[in-house]
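The values are calculated or read from the model by the stated rules, or taken from the named source; none is laboratory data. Computed from a prediction, not measured in an experiment: that's the story for all the values here. A quick note on method: Cβ atoms are made from the backbone with ideal geometry, for glycine too, and the neighbour counts reach across all protein chains shown.
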Amino acid sequence: MNMLEEIVVVNIGLDFFREELEKQDCRVVNINWQPPQSIGDGALDFLKKLRDGDK
Amino acid sequence: MIKTIIYRNMYQDSVKLMLLAQRVRELNGIEECSAVMATDNNMDILKSAGLLTDEAKEADPDDIIVVIRGESNEAVTEGEIYVSDDFAGKHKAELSDNNGRKINIKSFISAKSLLPDANLALISVPGKYAAEIAHKAIDAGINAMLFSDNVSIEDEVRLKKRAIENGLIVMGPDCGTAVISGVSLGFGNTIKRGDIGIVGASGTGIQEVITLLDANDLGITHAIGTGGRDLQPAVGAISSVRAIEMLGEDENTKYIVFLSKPADESILTIINNALVKTGKPSVVILVGMKSEQAEKKDGIAYSDTIEGGIKILLEEQLGISYKTSKYTFQEKCVKGDICGLYSGGTLAFEALSILSKETDLELSSNVIFPGISRTSNIYDPEGNFMLDLGEDELTLGRAHPMINPSLRNEMIENLAYKKNASICMLDFIIGYGSHADPVGAVLPYIQRNRKIRAEKGFEQTVFLAHVCGTRMDPQQYYRQTAMLKNTNISFFSSNAGMVKYGISLRNQSV
């Protein structure tokens, strides 16, 4: 559907915007987004050693 | 009693954390609460607030720090329980299926299975992740509005080109405002449906256009934001042209308003050609352009101010008189400094443009503007200055001033100690996304400013206000202006009207 006829939203990020859209009776669905987990230097070194066969 | 709680490897966006801290502060017995991601900037903010405890220093950037100070152990424990419940989702409605099971949506595929006709992804994740998500939206055949900033210009071009190839549009990055099919996205206003379409590379610029149209009892079809960089030569106005084409094809749109800051001549030619191609009467507003450039090209009208552009649209294209309004208290003439504490970037830019054309005041600003020097200390500015409080340097670790007025409130209080501060101009932006009561949140600080100045024997600062928003916005336009009136603050239906009144107060004193 053309969004200039009716807008239907997928919200990713600020949940606050979903709430604001719902107040306007806009159809909206929220994607539950989390940033990729960072990995510590120690764990990274350990994984590299595993990969290189150096335990 | 102070307590620090670290939530390891957990992410929540800054607005959500700020609102959570605000709710905790409202609990009985709580004196202070701060909830932030443990980034270096936020650590500095905690330190300046006296909340950087030893435990907080141990947190990593991927952790959330919550610091609660209260009158008693019980109060602090109550606050901690509230925070834990909030993170567990107990304070919000969850999506659930017909059997009451919670639905956890993690991809566009599952989003589209729930809403097959989804057609816009509103993306507000940290910038470094935003482009990848927007590409996924395009893969799913969905337009994207990138509220996120800090997306590289290379990514922006790639995204916009891919969108066009797929018959879609990418609005942004850094696109804060749109109104599509009657729905406000990001920071937007409610206005009746009409036959005027808007394309804008500026969020508050779009909001000001909507404000002036509403004040003249007109409505819009759509307002499509493109992001501030769209008119840079590297991007080549890709989304602006697409948006103009969309309004050209939209049979309900009879008139088009295009709005931006000045751009390269070659880019303006692209915009002009796209507007001519629609065959619809159009106005181009280039806020801050040289007045002598504001002439018609190929039948397209040009203006250097937002109010000027809307006046052309109404009087030359629609054939109706332009109405403007103000409510003034006939202030005395002043000799001292004039300042603007803006939450809307384009409104600050427009103020600089008018002041630099109509006065010879020595001005400073944190907004880049030809011939205007940089304000040396943006937290404690002196002289005549126009500040955009929504600039990145002032929003590190805190929400935008349209949501969180605390920085502006502090500055209003500080102005009380500046003997020469004669005029202070304020914009109050209402609409979806903005603070629930922007005027009400600032008035106690204006009253405090007045009290301090009276005690010090200083002349009172004249506060001027512009409420940017419509009569249908949730904050209630007339309630906001009534509060201004009750506090003896002159207010104006346009930013340009406020700035020109400020200039007139000063000029009369010369």
- Say whether the condition of being part of a loop (DSSP other than H, G, I, E, B) and either under 27 Å from the mean Cα position of the chain (by Cα) or not charged (D, E, K, R) (or both) is met by at least one residue in region B:247-257. yes
Per the filter on region B:238-279, residues within 14 Å of another protein chain (Cβ to nearest Cβ), under 15 Å from B:I300 (Cβ atoms) and crowded, with 21+ Cβ neighbours inside 10 Å are B:I244, B:L247, B:I256
Across (1) outside any helix (DSSP H, G or I); (2) surrounded by fewer than 24 Cβ atoms within 10 Å (Cβ to Cβ); (3) touching a residue at least 24 places away in the same chain (Cβ under 8 Å), B:L426 clears everything bar (2)
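Quick check, is B:I138 in a helix (DSSP H, G or I), under 22 Å from B:S184 (Cα atoms), at the interface with another protein chain (Cβ under 7 Å from one of its Cβ atoms) and of a type in the set (V, I, T)? Let's see the steps before the verdict.
Working: in a helix (DSSP H, G or I): yes; under 22 Å from B:S184 (Cα atoms): yes; at the interface with another protein chain (Cβ under 7 Å from one of its Cβ atoms): no; of a type in the set (V, I, T): yes.
Answer is no for this residue.
Please state which one of B:V151, B:V179, B:V157 is in a helix (DSSP H, G or I), touching a residue at least 24 places away in the same chain (Cβ under 8 Å) and of a type in the set (V, I, T). Show your work before the answer.
Working: B:V151 fails: in a helix (DSSP H, G or I); B:V179 fails: in a helix (DSSP H, G or I).
Sole residue among the options that is in a helix (DSSP H, G or I), touching a residue at least 24 places away in the same chain (Cβ under 8 Å) and of a type in the set (V, I, T): B:V157.
May I ask you to list the residues in region B:330-349 that are surrounded by 13 or more Cβ atoms within 10 Å (Cβ to Cβ) and assigned to a loop (DSSP other than H, G, I, E, B)? Reasoning before the result, please.
Of region B:330-349, the ones surrounded by 13 or more Cβ atoms within 10 Å (Cβ to Cβ) are B:331, B:333-334, B:336-349.
If the condition is that a residue be surrounded by 13 or more Cβ atoms within 10 Å (Cβ to Cβ) and assigned to a loop (DSSP other than H, G, I, E, B), then B:E331, B:C333, B:V334, B:G336, B:S343, B:G344 are the ones that fit.
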So for region B:452-461 (the condition being in contact with an Asp or Glu (Cβ under 6 Å, 6 or more places away or on another chain) and touching a residue at least 40 places away in the same chain (Cβ under 8 Å)), does at least one residue qualify?
no
Picking from B:G89, B:G50, the residue that is within 14 Å of chain A (Cβ to nearest Cβ), in contact with a strand residue (DSSP E or B) (Cβ under 9 Å, 6 or more places away or on another chain) and modelled with pLDDT under 90 would be B:G89
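I want to confirm something. Restricting to region B:204-237 and keeping residues that are away from every other protein chain (no Cβ under 14 Å) and of a type in the set (G, A, S), which single residue is nearest to B:K277 (Cα to Cα)?
Here is the first cut: in region B:204-237, the ones away from every other protein chain (no Cβ under 14 Å) are B:204-219, B:226-237.
Next, from what is left, pick out any that are of a type in the set (G, A, S): B:205, B:215, B:219, B:227-228, B:234, B:236-237.
Values: B:G205: 24, B:A215: 30, B:G219: 23, B:G227: 23, B:G228: 23, B:A234: 23, B:G236: 17, B:A237: 15 Å.
Among those residues, the one meeting the criterion is B:A237.
Kindly check whether there is at least one residue in region B:260-267 that is in a strand (DSSP E or B) and within 27 Å of B:I429 (Cα to Cα). Spell out the reasoning first.
As a first pass, look at region B:260-267 and keep what is in a strand (DSSP E or B): B:260.
Retained after the next criterion (residues that are within 27 Å of B:I429 (Cα to Cα)): B:260.
The answer is yes, given that some residue of region B:260-267 is in a strand (DSSP E or B) and within 27 Å of B:I429 (Cα to Cα).
Being in contact with a Gly (Cβ under 7 Å, 6 or more places away or on another chain) and surrounded by fewer than 22 Cβ atoms within 10 Å (Cβ to Cβ) is the filter here; which residues of region B:280-289 pass it? Before the answer, list the steps.
Here is the first cut: in region B:280-289, the ones in contact with a Gly (Cβ under 7 Å, 6 or more places away or on another chain) are B:280, B:283, B:285, B:287.
Passing the criteria: only B:K280.
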The number of residues in region A:16-38 that are exposed (fewer than 10 other Cβ atoms within 10 Å of the Cβ) and either at pLDDT 90 or above or more than 9 Å from every other protein chain (Cβ to nearest Cβ) (or both) is 1
### Message
I'd like to know if region B:187-207 contains one or more residues that are part of a helix (DSSP H, G or I), surrounded by fewer than 24 Cβ atoms within 10 Å (Cβ to Cβ) and touching a helix residue (DSSP H, G or I) at 6+ places or on another chain (Cβ under 6 Å).
### Response
no
Exception for B:M472 within (1) assigned to a helix (DSSP H, G or I); (2) surrounded by fewer than 20 Cβ atoms within 10 Å (Cβ to Cβ); (3) of a type outside the set (K, R) falls at (1)
Here the residues within region B:141-154 that are within 21 Å of B:I224 (Cβ to Cβ), touching a helix residue (DSSP H, G or I) at 6+ places or on another chain (Cβ under 8 Å) and either hydrophobic (A, V, I, L, M, F, W, C) or more than 10 Å from chain A (Cβ to nearest Cβ) (or both) are B:I142, B:A144, B:L146, B:F147, B:D149, B:V151
Considering residues that are modelled with pLDDT of 95 or more, of a type in the set (D, E, K, R) and more than 29 Å from A:L21 (Cβ to Cβ), the number found within region B:468-510 is 2
For region B:430-467 the number of residues that are surrounded by 17 or more Cβ atoms within 10 Å (Cβ to Cβ) and within 14 Å of chain A (Cβ to nearest Cβ) is 6
Going through region B:1-47 in order, the residues found to be under 19 Å from B:E71 (Cα atoms), assigned to a helix (DSSP H, G or I) and over 25 Å from the mean Cα position of the chain (by Cα) are B:V24, B:R25
Per the filter on region B:54-66, residues buried (at least 16 other Cβ atoms within 10 Å of the Cβ) and modelled with pLDDT of 85 or more are B:A56, B:A59, B:D63, B:I64, B:I65, B:V66
Of the residues in region B:9-47 that are within 14 Å of chain A (Cβ to nearest Cβ) and hydroxyl-bearing (S, T, Y), the one that is surrounded by the most Cβ atoms within 10 Å (Cβ to Cβ) is B:S14
Subset of region B:160-176, residues crowded, with 23+ Cβ neighbours inside 10 Å, assigned to a helix (DSSP H, G or I) and not basic (K, R), comes to B:A163
The one condition B:I368 fails out of (1) touching a helix residue (DSSP H, G or I) at 6+ places or on another chain (Cβ under 8 Å); (2) part of a loop (DSSP other than H, G, I, E, B); (3) farther than 30 Å from B:A38 by Cβ; (4) not basic (K, R) is (1)
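Out of everything in region B:111-130 that is in a helix (DSSP H, G or I) and more than 7 Å from chain A (Cβ to nearest Cβ), what residue ends up being farthest from B:I169 (Cα to Cα)? Quick ask: steps written out before the conclusion?
Quick first cut of region B:111-130, residues in a helix (DSSP H, G or I) only: B:111-114, B:127-130.
Okay, now just the ones that are also more than 7 Å from chain A (Cβ to nearest Cβ), so B:112-113, B:127-128, B:130.
Numbers: B:K112: 18, B:S113: 22, B:G127: 19, B:K128: 20, B:A130: 15 Å.
Among residues in region B:111-130 that are in a helix (DSSP H, G or I) and more than 7 Å from chain A (Cβ to nearest Cβ), the one farthest from B:I169 (Cα to Cα) is B:S113.
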